[in-house]
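What follows is a single structure, written as structure tokens, with notes after it.
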Amino acid sequence: GWEWEWQEKPVAPPPKPVLPAPAAPKLGDLFPQPLVAALRTLCRYLPYDDDLMAMAYLAGTAGLMKHGCGLICNPLSDFIVPANLYVGVVGPTGAKKTPLEKVLIDAPYDAVKGLMQEAHNAALMEWKQAGEVGFAPKRCFLTVKNVTGEALEEVLCDQERQRLGLLLKRDELAGLFLGMNQHKGGRGNDEQALLEYYDGSGIATIRRTSANRICDRTLLSIYGATQPAVLEQLQQGIDDNGKWARFMFVGMAPRPTKLATIATAQERAEHAAAKQYLGQLALAVRKQPAFLFSLAPDALERFAEFEFSKQQEAIDAKLPSQAAILNKTSGKVGRVACLLHVIQMACEPECGMIEEVSLTTLEAAIKLVEHCDRWALRFQELSNRSNIEKAMCRLHQIAEKSRTAVSISEISRGLNSKEREKLKPDLLS
């Protein structure tokens, strides 16, 4: 015989609630109020969200840093990051990416370029008065644009002699990577060198036919722009060496903004004052001595907890490219926290040198970096979808624009020729 036993039907656990993504950080969360006011004045009639303005300004600030400036994230594990950033702006063609660079990077740099010219003239005069012994002093750079790997090595070696950082700017970020090793038939190591510069690694290039290029450390930052489709083609959902994980990407959301129709005298004066303020602030940042900052005790504890949580998230990541991003998050937080701290000191010179980065500054850095990482993680997820999955996602996007039922023929008309080719004919029939 058999014995009947009562068993309750297992109840499936309730689905986890889908929490909305945290709000993007505002300028007021990151910078002192005078700087926030200046940034908003200069970008009043430009289609830029706060995260975009913040990242462009931070990239420009990183280019002003001196060798030796960085943050000790943990003193017992030698976790030290330099004050540099790799930043990528991602938006469609015509989204006014270039004006962003001109307003928030190029214009503030003008005052610093004048200071550098004066220093070069003084060094040149001293060399001449000494009888022109040895080589003439070389001019230092704030930025470079189109540069080969070999030329970049030489410039970085020259920059180290003056203990100055460098900003590599590219209107099209794709050109930076597609042009690597071209002059060497694809057999060079330009890309590997660029990855090593991220952590401030030095250069030791020994050559038989030309001068050696040797320096102990580098301080290179990168700022560039690209389009979503171009970035997807470059990444192809793969990041074996962590190249893309080193970048902080910020997307340009469509935000139509009408240009000024009338330029009043007051607005002109406010605009000029804001430009002057950013120039003065750039000078203040440049004149600050290089210093290796540390975290305040409560910030040190918070950073340790945050870094450990990112290690766990990286282990659970669905894609290796996403794990690479999560493994680089803490280092990016340290860099941003250092730059925010330097900017705060430049805005408030009466406070003097503050050697420790506060918990408030660290939290602001975490908020900004996690915001950029969310975009990058989502982009990697979309990049790894199959062609049919991408096409179906496009179908849903087109259908969602209508408040009523949409026929297949209407959806088909919303696709371009390449998108139609990716879809199976029976899906559009």
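The values are calculated or read from the model by the stated rules, or taken from the named source; none is laboratory data. Computed from a prediction, not measured in an experiment: that's the story for all the values here. Glycine also receives a Cβ, built like all others from the backbone with ideal geometry; neighbour counts cover every protein chain displayed. Remember, those area values only see protein heavy atoms, side chains included, never the ligands or the DNA or RNA. Shrake-Rupley method; radii C 1.70, N 1.55, O 1.52, S 1.80 Å.
Quick notes on this structure:
- Meets criteria (over 21 Å from residue 84 (Cα atoms) and either loosely packed, with under 11 Cβ neighbours inside 10 Å or of a type outside the set (D, E, K, R) (or both)) for residue 220: no
- Residue, farthest from residue 318 (Cα to Cα), within segment 356-380, restricted to residues that are open to solvent by less than 40 Å² (accessible area, probe 1.4 Å) and of a type in the set (S, T, N, Q): 361
- Segment 291-309 residues that are assigned to a strand (DSSP E or B), paired with ones that are open to solvent by 60 Å² or more (accessible area, probe 1.4 Å) (beta carbon under 8 Å, 6 or more apart): 292/80; 293/355; 293/356; 294/75; 294/355; 294/356; 295/356
- In segment 235-290, of all residues being in contact (Cβ under 8 Å) with a residue 12 or more places away in the chain and in contact with a His (Cβ under 9 Å, 6 or more places away or on another chain), the one that is farthest from residue 385 (Cα to Cα) corresponds to 290.
- Residue 347 being open to solvent by less than 10 Å² (accessible area, probe 1.4 Å) and within 18 Å of residue 29 (Cβ to Cβ): no
- Scanning segment 79-120 for residues that are closer than 26 Å to residue 139 by Cα, in a loop (DSSP other than H, G, I, E, B) and of a type in the set (Gly, Ala, Ser) returns a single hit, 83.
- Among the residues of segment 58-81, the ones that are closer than 19 Å to residue 287 by Cβ and either of a type in the set (D, E, K, R) or modelled with pLDDT of 95 or more (or both) come to 10 in all.
- Any hit, segment 115-134, residues being among the β-branched types (Val, Ile, Thr) and either surrounded by 12 or more Cβ atoms within 10 Å (Cβ to Cβ) or under 27 Å from residue 178 (Cα atoms) (or both): no
- Flag if residue 48 is surrounded by 24 or more Cβ atoms within 10 Å (Cβ to Cβ), in contact with a Lys or Arg (Cβ under 6 Å, 6 or more places away or on another chain) and closer than 22 Å to residue 169 by Cα: no
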